[in-house]
Amino acid sequence: MQMSGAQMVCEAIIAEGTKTVFGYPGGAIMHVYDEIYKQNGFEHILTRHEQAAVHAADGYARATGEVGVAMVTSGPGFTNAVTGLATAYMDSIPMVVISGQVPLSLIGTDGFQEIDAVGISRPCTKHNFLVRTLEELPRILKEAFYLARTGRPGPVLVDIPKDITVDIGEFVYPTEVNIPTYKPTYKGNRRQIEKAAEAIKKSKKPLLYVGGGAVLSDAYLLVRELVEKTQIPVVETLMARGVMGAGNPLLLGMLGMHGNYASNMAMSETDLVISLGARFDDRVTGKLSEFAKYADIIHVDIDPANIAKLVDVDYPIVGDITQVLEDLIPLLEDVNTDRYQAWREILRRYDELHPQSFVDSDKEIKPQWVIERIGELVGEQAIITSDVGQHQMWAAQHYPFDRPRQWINSGGLGTMGFGFPAAIGAKVACPEKTVINITGDGSILMNMQELVTAAEYKTPVINVILNNQFLGMVRQWQSFFYEKRFSETDLTFQPNFKKLAEACGGIGYDVTTKEEFDAALKDAIEKDQVCFMNVAISRFENVLPMVPAGGALFNMMLPQKSENDKGEK
Amino acid sequence: MSLENERRVISVIVMNESSVLARVTSLFAARGYNISSLTVAPIPNSDMSHITIETQGSPRVMEQITKQLHKLIPVYKVIEHEEMVEKEMVLVKFPIAENLSDIAALCSAYNGGIVNVGTEMVIAMVADEPCRIRHFIEATERYNPIEVVRGGVVAIER
């Protein structure tokens, strides 16, 4: 069929089953927007900033597991999208971003709104394309979606010069992809899996270390089956919250810089780490030479480059977690779960010694209370997104996550401003869920213009702003490591969040007591309208436990015992 | 040469498409790996190119370089082991006033010779193993070379 390049872009998006595209038009991408106007195969959501468009597509992808699609124009449209690409790249999120480019004849001439998009995005995309002929456009679009969702997922950029979107040519959308240089390994090596199973049976203190790969591979039921069968204790990374489900007796919690005591001690004392889709990030390991010092390591990852990148691995298994677990679990039929009983007992005592707790107050609202309260009121019905900082860690520590894809946050890149647009994307993907963005008074301002988007498209995202009038996480480091010199972290000068939300077509709540919080949350859920819930929390609350950067995991700063004794929750 | 900083030659077979060299070199730059020399040319009768990279690093760094290269979508194959035949070429320009028979004798000892003679200078070409090329360049120093251009290592599996 004969059609323009712009039509081909729309046809490809429809053929890939994408229901919603997030974007922002501009000169170089106008022909594609003209075709978007004419079609009704997918919905387009106009965000108010290109960065937000990419984060929204990212949130859509994280909530569903499908490829998110964003569209931006050349030059500044593209550069604004780079933070979104990098965010998705660090967390391996399947996404296709389509950017306009100046016409082929202008490339390299410093044309108006020209920038080398493939050059800039090379380190923060899984792959990128600059389309050079109309003939290759259908194949490139097909490959972009294929690359985004297969193997280790990631964002793919397709940069299309304007004249190619205008040109008319034959469109046949390929049904198959054949990239001879790209053959991801899904099936784990049988011999290695057998060796790993033997190691598990021989170990005395095994520990399952579950990462975001378990979410991406949709392997959570298999992970739970493995744990059920073997009775091996589990720690989750920030990206894996929800895989085991809160309340599972074998889930110790989150490990790492703000991990709980039992999790970090378990990692320090285990004799066998079973890593499933985790990448030994520095925020998880702390001082590498002390990390899992007494353990052999089984490392399952779909990306061979992740294996033995930072630690020596004894049982490397390259493959998709789902497929590897399907092979591994039957080999553990005869595992003697009593073998690990003493180990489980040690860890249970560690957890009793220093449980994940906080000192609640009657005078002021504690941020941890807010998180737990949201969990009580909406629980598994909600999708929780977050920005980056103290509120993110409190949410990860205290929210009762029941399933994967319920917790959406920027773990790898740590992008402030991610939470709100990602929440919009998640709400568009899952309209039946209550979507709550847990944010801070610093982060929310980094994409607050999306109030307008959320109001226009009636995506009722609830933004719970844990307001301590500080850039809290930086302030916490300044308290601990910079002798309380609060350099540029005091945010006492603030907008009126309530009025700000109202001015953009949303609802605002000022919350200073627990009763007000309950009332506001109930009202927000009923009203079904985007809102800012400005919650005044105790100003100097710290995220604890904390492993100082570069320290060993077992050297944690813990909540003060004396305080705990007064009113431990 | 310590284990921590071992010299290695890596062959990378890539799709011969635009920006593939940029992908390879920017990977080295972004991850802080070193490139000592680099050559690239198309493989005859195919749509692939052969890139030869001379680099150094610890065994773990070497392993990461290999894996990260393999991860690039247009990379077909990465060959990194000790069983390689390595050759390098060098061109050296000498003033015509130097002792040409000495230079010719030196070149022939290193599998080369004088390839161009002008009114002001002569140009010698030598192709040999990379370490022999280093020795050759040292040996030429007494003949006041005006310019030395090394070609970078090319390698093939034994």
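The values are calculated or read from the model by the stated rules, or taken from the named source; none is laboratory data. Computed from a prediction, not measured in an experiment: that's the story for all the values here. Cβ coordinates were reconstructed from backbone atoms using ideal geometry, including for glycine residues, and neighbour counts include every protein chain displayed.
Quick look at the numbers
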read-out: Residues that are surrounded by fewer than 24 Cβ atoms within 10 Å (Cβ to Cβ), within 19 Å of A:Q494 (Cα to Cα) and of a type in the set (A, V, I, L, M), drawn from the range A:415-459; value: A:M416, A:L445, A:M446, A:M448
read-out: Test for A:A292: is it surrounded by 23 or more Cβ atoms within 10 Å (Cβ to Cβ) and within 15 Å of A:E269 (Cβ to Cβ); value: yes
read-out: Qualifying residue in the range A:237-249 (condition: closer than 24 Å to A:K195 by Cβ and of a type outside the set (F, W, Y)); value: no
read-out: Neighbours by Cβ (under 9 Å, 6+ apart or cross-chain): first from the range B:137-148, closer than 15 Å to B:M89 by Cα; second small (G, A, S); value: B:T140/B:A124
read-out: Test: A:T133 is surrounded by fewer than 19 Cβ atoms within 10 Å (Cβ to Cβ), of a type outside the set (D, E, K, R) and either touching an Asp or Glu at 6+ places or on another chain (Cβ under 8 Å) or more than 21 Å from A:D58 (Cβ to Cβ) (or both); value: yes
read-out: Search result, residues across the range B:67-80 that are touching a residue at least 60 places away in the same chain (Cβ under 8 Å) and either more than 7 Å from every other protein chain (Cβ to nearest Cβ) or out of contact with any Leu (no Cβ under 7 Å at 6 or more places or on another chain) (or both); value: B:P74, B:Y76, B:K77, B:V78, B:I79, B:E80
read-out: Count of the range A:81-135 residues which are over 19 Å from the mean Cα position of the chain (by Cα) and of a type in the set (A, V, I, L, M, F, W, C); value: 14
read-out: Selected residue (criterion: nearest to the other protein chains (Cβ to nearest Cβ)) from residues of the range A:177-199 that are assigned to a loop (DSSP other than H, G, I, E, B) and free of Cβ contacts under 8 Å to residues at least 12 places away in the same chain; value: A:T181
read-out: Lone unmet requirement of (1) touching a residue at least 24 places away in the same chain (Cβ under 8 Å); (2) more than 14 Å from chain A (Cβ to nearest Cβ) for B:N116; value: (1)
read-out: For A:E143: the one exception among (1) among the charged types (D, E, K, R); (2) in contact with a Phe, Trp or Tyr (Cβ under 7 Å, 6 or more places away or on another chain); (3) assigned by TED's automatic domain parsing to the domain that holds A:I13; value: (2)
read-out: Residue in the range A:65-86 that is under 18 Å from A:G411 (Cβ atoms), in contact (Cβ under 8 Å) with a residue 24 or more places away in the chain, out of contact with any Pro (no Cβ under 9 Å at 6 or more places or on another chain) and buried (at least 24 other Cβ atoms within 10 Å of the Cβ) present; value: no
read-out: Helices (runs of 4 or more DSSP H) (entirely within the range B:42-158) containing at least 1 residues that are among the aliphatic types (A, V, I, L, M), surrounded by 13 or more Cβ atoms within 10 Å (Cβ to Cβ) and in contact with an Asp or Glu (Cβ under 8 Å, 6 or more places away or on another chain); value: B:59-71, B:130-140
read-out: From the options A:E364, A:E380, residue that is surrounded by fewer than 18 Cβ atoms within 10 Å (Cβ to Cβ), closer than 30 Å to A:F517 by Cβ and under 18 Å from the mean Cα position of the chain (by Cα); value: A:E380
read-out: Search result, residues across the range A:305-319 that are under 14 Å from A:R152 (Cα atoms) and touching a Pro at 6+ places or on another chain (Cβ under 8 Å); value: A:I307, A:V318
read-out: Test: residue in the range A:551-561 that is under 25 Å from the mean Cα position of the chain (by Cα), exposed (fewer than 14 other Cβ atoms within 10 Å of the Cβ) and not assigned by TED's automatic domain parsing to the domain that holds A:Q476; value: no
read-out: All positions within the range A:384-416 that are under 17 Å from A:A63 (Cα atoms) and either in a strand (DSSP E or B) or in contact with a His (Cβ under 8 Å, 6 or more places away or on another chain) (or both); value: A:I384, A:T385, A:S386, A:A396, A:W407, A:I408
read-out: Index of the failed condition, B:I35 passing every other in (1) part of a strand (DSSP E or B); (2) more than 14 Å from chain A (Cβ to nearest Cβ); value: (1)
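This table checks each residue for (1) closer than 30 Å to A:N555 by Cβ; (2) out of contact with any Lys or Arg (no Cβ under 7 Å at 6 or more places or on another chain); (3) in the same structural domain as A:R224 (by TED's automatic domain parsing).
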| residue | (1), (2), (3) |
| --- | --- |
| A:I329 | no, no, yes |
| A:L332 | no, no, yes |
| A:T337 | no, yes, yes |
| A:A342 | yes, yes, yes |
| A:R349 | yes, yes, yes |
| A:D362 | no, yes, no |
| A:E372 | yes, yes, no |
| A:V378 | no, yes, no |
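To keep it simple, each residue is scored yes or no on (1) modelled with pLDDT under 95; (2) surrounded by fewer than 19 Cβ atoms within 10 Å (Cβ to Cβ); (3) more than 17 Å from A:E170 (Cα to Cα).
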residue	(1), (2), (3)
A:M3	no, yes, no
A:A12	no, no, no
A:K19	no, yes, yes
A:Y24	no, no, yes
A:H31	no, no, yes
A:D34	no, yes, yes
A:E43	no, yes, yes
A:V54	no, no, yes
A:R62	no, no, yes
